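Read the structure below first, then the notes.
The values are calculated or read from the model by the stated rules, or taken from the named source; none is laboratory data. All values derive from a computational prediction rather than experimental measurement. Note that each Cβ is placed from the backbone with ideal geometry, even for glycine, and that neighbours are counted across all protein chains shown. Calculation scope for accessible area: heavy atoms of the full protein, side chains included, ligands and nucleic acids excluded. Shrake-Rupley method; radii C 1.70, N 1.55, O 1.52, S 1.80 Å.
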Amino acid sequence: MSRRKIWNFTPALPIKTAPYFDWPLRPLVSALYLLRSWNPVGWRCMTLIAAVITWVFFTPDISQAHSLSLAWIGPIWMRNFVLLFALAGGLHLWLHSFARQGDRERYDLRPMGRGVRAFHFNHQVWDNMLWSFVALQFWTFWECLIYWAWANGYATRISFETHPVWFLSLILLLPIWAGLHFYWLHRALHTRLLYRRVHAWHHKNINTGPWSGLAMHPVESFFLMFDTMIFFILPAHPIHVIFLLFHHGIGAPVSHAGFESLKLGRTRLPLGDFFHQLHHKFFDCNYGTWETPWDEWFNTFHDGTDDGNHLITERRKTLLRSEKSP
């Protein structure tokens, strides 16, 4: 099947992963690539800015976390609720309900599912909103658990003033750590037992929208943000915790938006993730992120081209033959 019959829009193909793990190593290329990934109007930089603002203005004093109380947990839950519903809801209204951008840079032209029995309420968006709300509980749980651990001396909290080099280094490393966690969790979810009982809930969304990002089985949404447990080992600051959780809590709605970018007048903001969009279309490819090498190393990388389609199809046939053989 021709690529043009599958997608309404694609970025420049073939898509490529980051050069950080190329061999032989290319330090200068990797450094320049890293700098570009921190484009001031790009998703990553804006996420970090949002994390800083969230910490400074919308996070209770960590000293309150010594004991469990709604006095400090409640504001964090409400802040995360507002963030999720404003971002996912706003993107859905702008891009899908009101279609203010039309089909410009939209990957898949099919509408969100209605009258589809696979979804709760027979409605894809309502189903997705329900399970995103469930994921919100785990987002708040993991964040509050780290604050509680800091307040009670079970983990080490740092500041920029005392550890500036480590503070900045950890910010650069966290996206790669998130990609490592996501890949191996994702591979586990695609094993036969877990896929059928857990991950299939998320894959009902073959065509995705902003609410699809966190629409998953509660077991999956619980472990999606389990990577924050790294802060029981590594000294960190609340900005690091919020930044990492934002990769999931608001990163998933953005990356599943179904559009390559958001156009606001003359401003173009990077939005969707075609790397992951390919996973929703073809299921057994691109389990990780473009910033980690695992898909290339384990032969599950799809570069978006017709050759990539053929590679995945042939690999499927090989797997089916091996399953049928005695």
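Key figures
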| quantity | calculated |
| --- | --- |
| Any hit, the stretch 100-122, residues being of a type in the set (A, V, I, L, M), open to solvent by 70 Å² or more (accessible area, probe 1.4 Å), in a helix (DSSP H, G or I) and under 25 Å from His279 (Cα atoms) | no |
| Residue match in the stretch 207-226 (condition: out of contact with any His (no Cβ under 6 Å at 6 or more places or on another chain), open to solvent by less than 10 Å² (accessible area, probe 1.4 Å), under 24 Å from Ile62 (Cα atoms) and at pLDDT 95 or above) | no |
| Residue under evaluation Val82, criteria (1) hydrophobic (A, V, I, L, M, F, W, C); (2) assigned to a helix (DSSP H, G or I); (3) buried (at least 17 other Cβ atoms within 10 Å of the Cβ), criterion not met | (3) |
| Residue check for Trp166: open to solvent by 60 Å² or more (accessible area, probe 1.4 Å) and in a helix (DSSP H, G or I) | yes |
| Residue that is surrounded by the most Cβ atoms within 10 Å (Cβ to Cβ), among those in the stretch 242-276 that are in contact with a Leu (Cβ under 9 Å, 6 or more places away or on another chain) and among the hydroxyl-bearing types (Ser, Thr, Tyr) | Ser255 |
| Test: residue in the stretch 142-153 that is of a type outside the set (A, V, I, L, M, F, W, C), open to solvent by 50 Å² or more (accessible area, probe 1.4 Å) and either in contact with a Pro (Cβ under 6 Å, 6 or more places away or on another chain) or closer than 15 Å to Pro235 by Cα (or both) | yes |
| Top-ranked residue in the stretch 23-60 [being outside any helix (DSSP H, G or I) and within 24 Å of the chain's Cα centre (by Cα); ranked as surrounded by the fewest Cβ atoms within 10 Å (Cβ to Cβ)] | Pro40 |
| Residue within the stretch 307-319 that is out of contact with any His (no Cβ under 9 Å at 6 or more places or on another chain) and polar (S, T, N, Q) present | yes |
| Members of the stretch 123-141 that are open to solvent by less than 20 Å² (accessible area, probe 1.4 Å) and either in contact with a Gly (Cβ under 8 Å, 6 or more places away or on another chain) or under 30 Å from Ala65 (Cα atoms) (or both) | Gln124, Val125, Asn128, Ser132, Ala135, Leu136, Trp139, Thr140 |
| Residues that are within 16 Å of Ser37 (Cβ to Cβ) and not β-branched (Val, Ile, Thr), drawn from the stretch 245-260 | Phe246, His247, Gly251, Ser255 |
